[in-house]
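One structure below.
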């Protein structure tokens, strides 16, 4: 997932689903006291990725949210971490 981009739904429709499948598999393995089946995971994720390339979904070319408002909320949320680090 190096350098992934949130372009038009890519994070939500692709990266989020990949990570969800991975974490669900790890959590299931731990709760069942079994080793994580990496081969099964790779087969599942490869099939998901292939199916994703066949989708005909369209993604918005304009942000659905106000980037200034999001930036302001992140500053409010994390400001104390930055001021403590200085």
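Derivation of every value follows stated rules applied to the coordinates shown; laboratory data play no part. Small disclaimer: the values here were computed from a predicted structure and weren't measured. Please note: Cβ atoms are built from the backbone with ideal geometry, for glycine as well, and neighbour counts cover all protein chains shown.
In terms of the Cα gyration tensor, with a ≥ b ≥ c the square roots of its eigenvalues, is the stretch 30-71 rounded because a/c is under 1.5, prolate because a/b exceeds b/c, or oblate? Spell out each step's value before the answer.
Values: a/c = 5.47, a/b = 1.74, b/c = 3.14.
Oblate is the answer for the stretch 30-71, as a/c is 1.5 or above yet b/c matches or exceeds a/b.
Would you work out if the stretch 7-85 is rounded, prolate or oblate? Take a ≥ b ≥ c from the square roots of the eigenvalues of the alpha-carbon gyration tensor; rounded if a/c is under 1.5, else prolate when a/b is larger than b/c, oblate otherwise.
Oblate is the answer for the stretch 7-85, as a/c is 1.5 or above yet b/c matches or exceeds a/b.
Give me the extension gain from residue 44 to residue 57: residue separation times 0.36 nm, minus the current Cα-Cα distance, reported in nm with one decimal. Write out the running numbers ahead of the final one.
Values: separation 13, 0.36 × 13 = 4.68 nm, distance 2.10 nm.
So the chain would gain 2.6 nm between residue 44 and residue 57.
Can you compute the FRET efficiency between residue 26 and residue 79 using 1/(1 + (r/R0)^6), with r the Cβ-Cβ distance and R0 = 25 Å? Round to the nearest 0.05. The partial results should precede the final answer.
Numbers: r = 33 Å, r/R0 = 1.32.
E between residue 26 and residue 79, to the nearest 0.05, is 0.15.
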